[in-house]
Amino acid sequence: SRWAGKLLPAEPQWEKAAGWDAATKTKLRYPWGDSWEDGRCNTIEANLEKTTEVEAFSPQGDSAYGIADVVGNVMEWCSSGHEDHPYNQEDGRENLQSESQKVLKGCAWNLYGHSSWARCGFRDGGNPRDWYVIRGFRCVLP
């Protein structure tokens, strides 16, 4: 993200964009609600076996904020270090210069994208220097 002059979302920012319904003031399990529904995102259940174009599952899979592909397609990097929960912003996990494990949110189209992992609260971690076809990113608006 530094090469583009943009920022990756911190883990709480990503989770809010993915699953917060401001109208009901509730955290949703999936971007569209609390029940799994086939056809709303690119997971292994879709049987596409590849990434899809952005918004291929819009608007049916969009979050309450209108964000497409929050779950499914690729796992997304966050700026947060992959530390234990509960989230504590003072514990140093926002150190973007760190080479430690970073948080990955969402899920992907392959075996790492099973519907049980497509929930907004799912998290994984990885070394940000490692490339893998199921990892991607989105930047936050300034």
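The values are calculated or read from the model by the stated rules, or taken from the named source; none is laboratory data. Just so it is clear, the structure is predicted and the values come from calculations on it, not from any experiment. Every residue, glycine among them, receives a Cβ derived from its backbone with ideal geometry; neighbour counts consider all protein chains shown. All accessible areas refer to the heavy atoms of the entire protein, side chains included, with ligands and DNA or RNA removed. Shrake-Rupley method; radii C 1.70, N 1.55, O 1.52, S 1.80 Å.
Touching a residue at least 12 places away in the same chain (Cβ under 8 Å), assigned to a loop (DSSP other than H, G, I, E, B), open to solvent by 40 Å² or more (accessible area, probe 1.4 Å) and more than 14 Å from residue 121 (Cα to Cα) - does that describe any residue in the range 76-83?
So the first thing to find is which residues in the range 76-83 are touching a residue at least 12 places away in the same chain (Cβ under 8 Å), and the list is 76-82.
Narrowing further to those that are assigned to a loop (DSSP other than H, G, I, E, B): 82.
Now drop any that are not open to solvent by 40 Å² or more (accessible area, probe 1.4 Å), which leaves 82.
Those left that are additionally more than 14 Å from residue 121 (Cα to Cα): none.
Checking the range 76-83: not a single residue is touching a residue at least 12 places away in the same chain (Cβ under 8 Å), assigned to a loop (DSSP other than H, G, I, E, B), open to solvent by 40 Å² or more (accessible area, probe 1.4 Å) and more than 14 Å from residue 121 (Cα to Cα).
Within the range 120-142, restricting attention to residues that are touching a Gly at 6+ places or on another chain (Cβ under 8 Å) and within 18 Å of residue 20 (Cβ to Cβ), which residue is surrounded by the fewest Cβ atoms within 10 Å (Cβ to Cβ)?
To start, the set of residues in the range 120-142 that are touching a Gly at 6+ places or on another chain (Cβ under 8 Å) comprises 120-122, 132, 134-135.
Filter again for within 18 Å of residue 20 (Cβ to Cβ), leaving 120-122.
Numbers: 120: 22, 121: 13, 122: 18.
Only one residue fits best here, namely 121.
Got a number for residues in the range 2-42 being over 12 Å from the mean Cα position of the chain (by Cα) and open to solvent by 40 Å² or more (accessible area, probe 1.4 Å)?
The number of residues fulfilling the criteria is 22.
When the range 104-125 is examined, which residues are found to be touching a His at 6+ places or on another chain (Cβ under 6 Å) and aromatic (Phe, Trp, Tyr)? Working first, answer last.
Of the residues in the range 104-125, the ones touching a His at 6+ places or on another chain (Cβ under 6 Å) are 125.
None - no residue of the range 104-125 is touching a His at 6+ places or on another chain (Cβ under 6 Å) and aromatic (Phe, Trp, Tyr), so the list stays empty.
Take residue 31 and decide whether it is modelled with pLDDT of 95 or more and in contact with a helix residue (DSSP H, G or I) (Cβ under 7 Å, 6 or more places away or on another chain). Please lay out each step first, then the result.
On the way: modelled with pLDDT of 95 or more: yes; in contact with a helix residue (DSSP H, G or I) (Cβ under 7 Å, 6 or more places away or on another chain): yes.
Yes: the conditions hold for residue 31.
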